[in-house]
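Q: First the structure, which I've put down as structure tokens, then a few questions once you've had a look.
Where a number appears in this text, it was derived from the coordinates with a stated rule and is not lab data. Bear in mind the structure is a predicted one, so any value in this text is a computation, not a measurement. Cβ sites come from the backbone with ideal geometry, for glycine too, and all protein chains shown count toward neighbours.
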Amino acid sequence: MKYKRILLKLSGEALMGEQKFGIDPQRLEQYSQEIKKVKDLGIEIAIVIGGGNIFRGITAEESGIDRVQGDYMGMLATVINGMALQSALEKAGMFTRLMSGFKIEQVCEQFIRRRAIRHLEKGRIVIFGAGIGNPYFTTDTTASLRAVEIIADVVLKGTRVDGLYTADPEKDPSATRFSNISFQEVFENGYKVMDMTAFALCQENNLPIIIFDMNKPGNLLKIIEGEKVGTLVH
Ligand code: UDP
């Protein structure tokens with residue numbers, strides 16, 4: 001197998017499926033099956049889940065909610081998604097732990113790095129909720145930071161697009177996809193992979209990122225088996 005320990009980043013929006021808000025149970029089940037294929041190979045899996053399907057701090061300001069308050073609401077939204085994902089993974093027969101960036105003792109464990117690594121070694125899928133636990137950050141940054149902390153081999157950014165393009169392929173039909181690109185090239189051309197903080201963390205720590213279409217069955221497994229899927233940023 002090409003990778004032994006992975007950090008999978010799933011956006012909150014991905015969980016909406018065809019809906020306009022919330023969590024689509026079918027999508028959740030589909031993702032669980034994709035994750036199980038990889039888990040069955042003995043791969044250690046950590047997941048960072050976003051919260052954009054429920055709440056984003058940045059949009060809170062528009063409705064008159066203080067930004068910091070909104071960010072905490074966004075972090076709580078990621079915990080809700082994490083709980084839904086945890087439930088779906090367990091239903092599919094996997095063992096999981098949900099760890100939070102801040103204390104919510106009745107619902108999940110607090111993130112403790114050594115404990116997270118131990119869970120992974122024991123074959124549990126670790127879901128990181130509540131981001132890094134601080135406002136003004138994103139779940140992309142959480143993905144990079146946690147990946148570095150748990151010494152993951154790669155960050156797998158599962159999206160609904162099959163990689164990084166020269167322009168938005170949904171708007172510009174002449175856009176072309178990269179199969180490989182360096183951190184430097186992404187930076188120089190201002191391509192949008194992750195926000196700057198998230199991106200810089202991966203670059204500084206030599207942590208490769210693969211952007212791929214999570215909605216296409218078998219893609220996650222192919223990546224683990226070393227097949228070229230999506231765009232590798234290295
Ligand atoms: N958030 C935060 N700190 C973090 C991670 C997330 O304040 O470390 C808040 C922020 O308001 C963000 C929201 O949680 O808008 C949901 O996360 P994000 O937008 O990254 O989710 P995604 O786009 O992946 O669904």
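Q: Among GLN30, GLN19, GLN203, which one moves the most in a GNM of the chain with springs linking Cα atoms closer than 10 Å?
A: Of GLN30, GLN19, GLN203, the Gaussian network model singles out GLN19 as fluctuating most.
Q: Let me ask something else about it. Among DSSP beta bridges whose residues both lie in the chain, state the antiparallel percentage, nearest 5. Walk me through the numbers on the way to the answer.
A: Numbers: 4 of 32 bridges.
Once the DSSP bridges in the chain are tallied, antiparallel ones form about 10 percent.
Q: When the chain is treated as a GNM, springs tying every alpha-carbon pair under 10 Å, which of PRO135, PRO173, PRO208 comes out with the largest mean-square fluctuation?
A: Greatest mean-square fluctuation among the candidates belongs to PRO173.
Q: Something else about it: What is the gain in length, in nm to one decimal, between GLU170 and GLU204 on full extension, counting 0.36 nm per residue of separation less the C-alpha to C-alpha distance? Walk me through the numbers on the way to the answer.
A: Details: separation 34, 0.36 × 34 = 12.24 nm, distance 3.10 nm.
Net length gain for the segment: 9.1 nm.
Q: Among the listed pairs LYS20/LYS91; LYS20/LYS122; LYS2/LYS192; LYS91/LYS192; LYS103/LYS228, which have their C-alpha atoms separated by more than 30 angstrom in this model?
A: Numbers: LYS20/LYS91 25 Å; LYS20/LYS122 37 Å; LYS2/LYS192 26 Å; LYS91/LYS192 35 Å; LYS103/LYS228 39 Å.
Over 30 Å Cα-Cα: LYS20/LYS122; LYS91/LYS192; LYS103/LYS228.
Q: Then there is this: Whose amide H sits under 5 Å from the amide H of GLY131, counting only residues 5 or more places off or on another chain, with H placed in the peptide plane?
A: Under 5 Å from the amide H of GLY131: GLY101.
Q: Ordered by packing density, taken as the mean number of other Cβ atoms within 10 Å over each peptide's residues, highest first, how do 1-14, 108-121 rank?
A: Packing order, densest peptide first, comes out as 1-14, 108-121.
Q: Treat each spin label as a single point 7 Å out from the Cα along the C-beta direction, and report the ARG115 to ASP66 distance in nm.
A: 2.9 nm
Q: Given labels modelled 7 Å from the Cα in the Cβ direction, how far is it in nm from HIS234 to MET1?
A: 1.9 nm
Q: Kindly list the residues of region 150-183 that lie in the label zone of ASP213, defined by a backbone N under 18 Å from the point 7 Å along the Cα-to-C-beta vector.
A: In region 150-183, the label zone of ASP213 (backbone N under 18 Å from the point 7 Å along Cα→Cβ) covers 157-180.
Q: Is any helix in the chain, taking whole DSSP H runs, at least 27 angstrom long along its axis by alpha carbon and on average at least -1.0 on the Kyte-Doolittle scale, and which ones?
A: Values: long enough: 67-91 (36 Å, 0.22).
Long hydrophobic helices here: 67-91.
Q: With +1 assigned to the C-beta of every Lys and Arg and -1 to the C-beta of every Asp and Glu, and no other charges, what is the dipole magnitude of the chain about the Cα centre in debye, to the nearest 20?
A: Numbers: 29 positive and 29 negative charges, 180 e Å.
It comes to approximately 860 debye.
Q: Name the residue from ALA116, GLY82, ILE181 whose Cα lies farthest towards the positive end of the charge dipole of the chain, charges +1 on Cβ of Lys and Arg and -1 on Cβ of Asp and Glu.
A: Most positive-ward Cα: ALA116.
Q: What's the ranking of 48-55, 209-216, 59-66, 94-101 by average number of surrounding C-beta atoms within 10 Å, highest first? Walk me through the intermediate numbers first.
A: Details: 48-55: 24.4, 209-216: 21.6, 59-66: 11.6, 94-101: 19.6.
With the highest mean Cβ count within 10 Å placed first, the list reads 48-55, 209-216, 94-101, 59-66.
Q: Bin by bin, in steps of 10 Å, what percent of the Cα pairs in the chain do you find, going until the bin that has the longest distance?
A: 8, 34, 39, 17, 2, 0
Q: What is the dipole size for region 14-59, taken about its Cα centre, with +1 at each Lys and Arg Cβ and -1 at each Asp and Glu Cβ, in debye to the nearest 20?
A: That gives a dipole near 120 debye.
Q: On to the next question. Each residue of region 2-18 in turn: what ³J(HN,Hα) in whole Hz from Karplus with 6.51, -1.76, 1.60 and θ = phi - 60°, glycine and Pro shown as x?
A: Computed from phi, the couplings for region 2-18 are 6, 10, 9, 10, 10, 10, 9, 9, 10, 7, x, 4, 4, 6, 5, x, 8 Hz.
Q: Hey, another quick one. Compute, for region 1-139, the length of the dipole vector about the Cα centre, with Cβ point charges of +1 (Lys, Arg) and -1 (Asp, Glu) only. Units Debye, rounded to 20. Walk me through the numbers before you get to the answer.
A: Numbers: 20 positive and 15 negative charges, 168 e Å.
The dipole magnitude comes to about 800 debye.
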